[in-house]
1. Considering only residues that are part of a helix (DSSP H, G or I), away from the ligand (no atom under 13 Å from the Cβ) and either surrounded by fewer than 22 Cβ atoms within 10 Å (Cβ to Cβ) or among the charged types (D, E, K, R) (or both), which ones fall in region 38-65?
2. Would it be correct to say that LEU76 is more than 28 Å from ASP199 (Cβ to Cβ), of a type in the set (A, V, I, L, M), at pLDDT below 95 and in contact with a helix residue (DSSP H, G or I) (Cβ under 8 Å, 6 or more places away or on another chain)?
3. What number of residues within region 1-37 are more than 10 Å from the ligand (Cβ to nearest atom), under 14 Å from TYR197 (Cβ atoms) and either at pLDDT 85 or above or of a type in the set (Val, Ile, Thr) (or both)?
4. Taking LYS67 as the residue in question, decide whether it is charged (D, E, K, R), modelled with pLDDT of 95 or more and in contact with a Gly (Cβ under 9 Å, 6 or more places away or on another chain).
5. Before we move on, is ALA68 farther than 27 Å from LEU169 by Cβ, within 11 Å of the ligand (Cβ to nearest atom), surrounded by 13 or more Cβ atoms within 10 Å (Cβ to Cβ) and free of Cβ contacts under 8 Å to residues at least 40 places away in the same chain?
6. If I ask for residues that are assigned to a loop (DSSP other than H, G, I, E, B) and over 16 Å from the mean Cα position of the chain (by Cα), which ones from region 187-229 would you list?
Amino acid sequence: MTDFNQTNWAKAGFSQQYIDKADIYIVERRRMFGLLVSFYNHFLRGKPARILDLGCGDGILAHELLKADDAISATLVDGSADMLRKARERLKDFKNVRFINASFQEIIKKDILQPDFDLIVSSLAVHHLDMAGKISLFKSLYVHLRPGGFFLNVDVILAPAGSLEQWYLKLWQEWMDDRKAESGISDSISNDIIHRYKDNKDNKPDTLDDQLDALKDIGFQEVDCFYKYGIFSIYGGRK
Ligand SMILES: C[S@@+](CC[C@H](N)C(=O)[O-])C[C@H]1O[C@@H](n2cnc3c(N)ncnc32)[C@H](O)[C@@H]1O
């Protein structure tokens, strides 16, 4: 498993570029967050929930959930101290929020987290682990969920066939081109982002089937894909 400090996310400047343009680069990002809030409202609203956001970045997803229910107690984890600083600033008005600077590798190996989360979420971070790393992480998450608790992952996946991959990547480019046309924002990086994504060795997407199967093998129930648009997906299950 690649050490977090050797990835681009550990470099100053890289994370800000992502934050500034994520709504253009990530297909239907706001809709995906809206689905997670809907999931939360449907399954968990009503009692103060304990939530873990893994690879939280600047805290945007935890923020959406906290805006929906400020009784949530949230734990945000990221390998990047820079990202966590931004998350801390974003969430400064919320009580019951804690921040942990740790890599997924440390989460897997060490006993860092409390054991009884109601909901574990992650957005666009788990694909940085290879399949063996994903399985180790999923096992650790299973242990850290209370019985009946949920894990939901918003992430990019690998298409099961090259022909599908070509179309999925075209869909992605069309999405970015439409957003730029709509907003009038010029962004040269998005013309090249698919190549950057494919060429970057930090990105290790696996197929949806492999990840759903891994969750089932570990013991998760009600495992499903809750959303999909090309390579962008939300999947998860219940302990
Ligand atoms: C694409 S950003 C997503 C941030 C946020 N979840 C969002 O949706 O905007 C990926 C995040 O995962 C973190 N990350 C990547 N690999 C990691 C690892 N091995 N351990 C911990 N955090 C990691 C990065 O620092 C970064 O904040």
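The values are calculated or read from the model by the stated rules, or taken from the named source; none is laboratory data. This one's a predicted model, so the numbers in the text were calculated from it and none came from an experiment. Glycine also receives a Cβ, built like all others from the backbone with ideal geometry; neighbour counts cover every protein chain displayed.
1. As a first pass, look at region 38-65 and keep what is part of a helix (DSSP H, G or I): 38-43, 60-65.
Narrowing the set further to residues that are away from the ligand (no atom under 13 Å from the Cβ) leaves 38-43.
Result: SER38, PHE39, ASN41, HIS42, PHE43.
2. Values: more than 28 Å from ASP199 (Cβ to Cβ): yes; of a type in the set (A, V, I, L, M): yes; at pLDDT below 95: no; in contact with a helix residue (DSSP H, G or I) (Cβ under 8 Å, 6 or more places away or on another chain): yes.
Considered against the rule, which asks whether it is more than 28 Å from ASP199 (Cβ to Cβ), of a type in the set (A, V, I, L, M), at pLDDT below 95 and in contact with a helix residue (DSSP H, G or I) (Cβ under 8 Å, 6 or more places away or on another chain), LEU76 comes out as no.
3. Number satisfying all stated conditions: 3.
4. Values: charged (D, E, K, R): yes; modelled with pLDDT of 95 or more: yes; in contact with a Gly (Cβ under 9 Å, 6 or more places away or on another chain): no.
No; evaluated as a whole, the condition is false for this residue.
5. Working: farther than 27 Å from LEU169 by Cβ: yes; within 11 Å of the ligand (Cβ to nearest atom): no; surrounded by 13 or more Cβ atoms within 10 Å (Cβ to Cβ): yes; free of Cβ contacts under 8 Å to residues at least 40 places away in the same chain: yes.
When the stated conditions are applied, ALA68 does not pass them.
6. Pass one, region 187-229, residues assigned to a loop (DSSP other than H, G, I, E, B): 187-188, 192, 200-206, 219-220.
Scanning region 187-229 gives ASP187, SER188, ASP192, ASN200, LYS201, GLY219, PHE220.
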